[in-house]
Every structure is written in structure tokens, then in C-alpha cells.
Amino acid sequence: MDVDEKRRLVRGLLREVGRGFAEPHGFPVTNSPGRLFQLLYLSILLRRSNDYHVAVEAAQRLRDRWDTAQKLAASPYEKRVQLLGKGVRRGTAEVLGELAQTVAGRYRGDLRRLRTEARRDPVRERALLEELPGVDGKVVDLFFREAQILWKEVSPFADPQALSAARKLGLGRTPEDLAELAEYEESEQFGWLVGALAQIDLDHRHEEIRALAGR
């Protein structure tokens, strides 16, 4: 494909799949303490599950019951186990409780304070996030993939899942390749693109999406 075909495919992909990964599943990426915290525990659940549907549904149930770090920190362990359900890896309820308590205690429930402490340095942001219970490098990748819409210092960022789809669709191999196609000055569109690519890879929709280049 030439550049025009690739850009046509990107436009069709965004129309077809939507605005990133998190938002279509009910987790808008907005600059509020509750939403950022929800995005972080969604990332943990995705990391700890072999089925993203199970992870998303568990995160939705948590969000509906306890929508901030402070509320989740005060939740009973047994209730968390019950809400997460049988498909979630054992021990996750405890980890999420510890995560909420740490975020509530260290950052007053607001991950924007972590960003400020890191002085908007992505390397330091990653290091501080990885100090939190349940957060490893892959969790940070998932969080950055979506949060870069707000945390612009992270962008352009694409996790391995998004890059896998990009390679299979012939769109490129690096975040910079994708940024060029997404007209990078529109940073929201780039964030939506990499999230949508991850969704395509999870659903194995590469052939269906590739056909959009011809429309």
C-alpha cells in the first residue's frame, strides 16, 4: 500500500472500531482522578487475564460499585472477590485492594499527582507506576497506550498488541510509522488509533479491516 491507501485504511479503521480500546468499553479517558484510576486497574485486569472480555466485565463491575481509589480502598475483600467473578485470576482482589490503598495514601487517589512528582518525564512516570501493587511493565504499556491522549509526554506510544496489528495490516512497525499516518499533530487521534489496533488484534479482525483500504 502507498501512503494514501494506508491513511484511508486508518480513517476507515477509526470509523469502524471507534475511539481507542478503553472508551468503547465504558472507560472514557478523561483528566479526572477516578477515570485515571479506573484505567489503571483495567490495565491490571487485562494483564492478568487470558480473555479480555472477562477483564473488561470485571473492571466494569468494579467501576459501577467503587469508582475512586478511596472507595475501592475501603471496600471489603470478600465483596471484591464476589464482584470480580470466577474468571479472574486468584489473588487479584487482594492486589487491587492494595493498589487502591497505595494510590489513596500516596497520591490522595489522584494519579495526576504521580505525573507531577515525575515532572512529566515518561521514564520516571513508568518507574513510579511500577512501584504500585500489581503494576509491572506490561501494565504500564497498557495504561500508557490509552493515557497518552492526556499525558502527551508519553506519545507517540504503541504497545506490542497494537504494533502486532499494525504489522499485519501493513501500516508500519513503529509508533512513529503510525504517528505519521494518524497526522500526529492530532494526538487524540493517534491514541485512538493504537487502542483500536489493539482491539483488532485481540479480535483477529485483520482481514476484515484490511478490506477498508479499498473503500
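The values are calculated or read from the model by the stated rules, or taken from the named source; none is laboratory data. This one's a predicted model, so the numbers in the text were calculated from it and none came from an experiment. Here the Cβ is made from the backbone with ideal geometry for all residues, glycine too, and neighbour counts use every protein chain on show.
One table, with the values for the structure above:
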{"read-out": "Residues located in the range 58-82, provided they are surrounded by 14 or more Cβ atoms within 10 Å (Cβ to Cβ) and either hydroxyl-bearing (Ser, Thr, Tyr) or out of contact with any helix residue (DSSP H, G or I) (no Cβ under 9 Å at 6 or more places or on another chain) (or both)", "value": "Thr68, Ser75"}
{"read-out": "Near pairs, Cβ below 6 angstrom, 6+ apart or cross-chain, from the range 180-203 (modelled with pLDDT of 85 or more) to any residue that is aromatic (Phe, Trp, Tyr)", "value": "Phe190/Tyr184; Gly195/Phe21; Ala198/Phe21; Gln199/Phe21; Leu202/Tyr52"}
{"read-out": "Count of the range 32-57 residues which are small (Gly, Ala, Ser), in a helix (DSSP H, G or I) and surrounded by fewer than 23 Cβ atoms within 10 Å (Cβ to Cβ)", "value": "1"}
{"read-out": "Flag for Ala158 being free of Cβ contacts under 8 Å to residues at least 40 places away in the same chain, outside any helix (DSSP H, G or I) and among the small types (Gly, Ala, Ser)", "value": "yes"}
{"read-out": "Members of the range 125-155 found to be small (Gly, Ala, Ser) and either over 30 Å from Arg106 (Cα atoms) or not in a loop (DSSP other than H, G, I, E, B) (or both), listed by number", "value": "Ala127, Gly137, Ala147"}
{"read-out": "Sole residue being among the hydrophobic types (A, V, I, L, M, F, W, C) and in contact with a Lys or Arg (Cβ under 7 Å, 6 or more places away or on another chain), chosen from Ala93, Ala74, Ala55", "value": "Ala93"}
{"read-out": "Which listed residue, of Arg35, Arg115, Arg89, Arg61, is under 27 Å from Leu197 (Cβ atoms), under 15 Å from the mean Cα position of the chain (by Cα) and not small (Gly, Ala, Ser)", "value": "Arg35"}
{"read-out": "So Gly97, is it surrounded by 18 or more Cβ atoms within 10 Å (Cβ to Cβ), assigned to a helix (DSSP H, G or I) and more than 14 Å from the chain's Cα centre (by Cα)", "value": "yes"}
{"read-out": "Odd one out for Gly85 among (1) on the phi > 0 side of the Ramachandran plot; (2) surrounded by 20 or more Cβ atoms within 10 Å (Cβ to Cβ)", "value": "(2)"}
{"read-out": "Criterion violated by Arg11 - all others in (1) touching a residue at least 24 places away in the same chain (Cβ under 8 Å); (2) under 18 Å from Gln199 (Cβ atoms) satisfied", "value": "(1)"}
{"read-out": "Answer from Arg112, Arg145 - the residue that is at pLDDT 95 or above, within 19 Å of His25 (Cβ to Cβ) and surrounded by 14 or more Cβ atoms within 10 Å (Cβ to Cβ)", "value": "Arg145"}
{"read-out": "Test set (1) within 20 Å of Thr30 (Cα to Cα); (2) assigned to a helix (DSSP H, G or I) - Gln82 fails condition number", "value": "(1)"}
{"read-out": "Of all residues making up the range 187-204, the number that are among the charged types (D, E, K, R) and surrounded by fewer than 17 Cβ atoms within 10 Å (Cβ to Cβ)", "value": "2"}
{"read-out": "Long-range neighbours under 7 Å by Cβ, at least six apart or interchain, first residue of a type in the set (Ser, Thr, Tyr) within the range 42-56, second surrounded by 19 or more Cβ atoms within 10 Å (Cβ to Cβ) and in a helix (DSSP H, G or I)", "value": "Ser43/Val139; Ser43/Leu142; Ser43/Phe143; Ser49/Ala55; Tyr52/Leu46"}
{"read-out": "Single residue of Val88, Val95, Val56 found to be at pLDDT below 95 and of a type in the set (Val, Ile, Thr)", "value": "Val88"}
